[in-house]
Amino acid sequence: MTIQVGERLPEGTLSESTGFDAGTGCPLKPQPLQVAELAQGKKIVVFGLPGAFTPTCSAQHVPGYLAHYNELKAKGVDEIWCVAVNDGFVMGAWGQQLGVDGKVRMLADGSADYTRKLGLEFDLTAKGMGVRCQRFAMVVDDGVVGHIAVEEPGKFEVSSAEAVLATL
């Protein structure tokens, strides 16, 4: 069952790599983060997507949140999280390539455990991608979901930064 408005985010762990090795340029070891602790006392926009370096995700989804960062902050958003079923190294490198510069937290759900807890998994095994995250956006206030929008497969309409801004 997909998480609903009024429900608290489930307990779980995501990981994040925010630093890079000066010698190799590779992301540093991802750090585990407890979602409930991370969300406490904050208004957060969380958006999920099928995967790092994929066309819509790289060309539209993350760039849209970067482009509207100041508007989202002006509406009281403390943090913006991007969640994908990729490992923390990949999410760190992707964030660096997209120039997120701390504006969007690139949070990894490497085994899709948290995505399953949200009820937002999407099986792309037939396409060689395994279990992934559906494309979605939600507004979370102090750990409680205030808005959630899940895209139909192949669509990019209700989870964009513009759509989230319209709900705020």
Considering only strands (runs of 3 or more DSSP E) wholly within the range 109-160, the ones with at least 1 residues that are in contact with a Ser or Thr (Cβ under 9 Å, 6 or more places away or on another chain) and surrounded by fewer than 17 Cβ atoms within 10 Å (Cβ to Cβ) are 130-133, 144-150
Test for G51: is it at pLDDT below 95 and closer than 20 Å to V131 by Cα: yes
Listed by range, helices (runs of 4 or more DSSP H) wholly within the range 1-98 having at least 2 residues that are open to solvent by 70 Å² or more (accessible area, probe 1.4 Å) are 69-74, 88-98
Cβ pairs under 6 Å, 6+ apart or interchain, first in the range 93-110 and touching a residue at least 24 places away in the same chain (Cβ under 8 Å), second charged (D, E, K, R) and in a loop (DSSP other than H, G, I, E, B), ordered by first then second residue, are A108/D87; G110/D87
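The values are calculated or read from the model by the stated rules, or taken from the named source; none is laboratory data. Everything quoted here is computed from the prediction, not taken from an experiment. Note that each Cβ is placed from the backbone with ideal geometry, even for glycine, and that neighbours are counted across all protein chains shown. Side chains included, ligands, DNA and RNA excluded: accessible areas come from the protein's heavy atoms. Shrake-Rupley method; radii C 1.70, N 1.55, O 1.52, S 1.80 Å.
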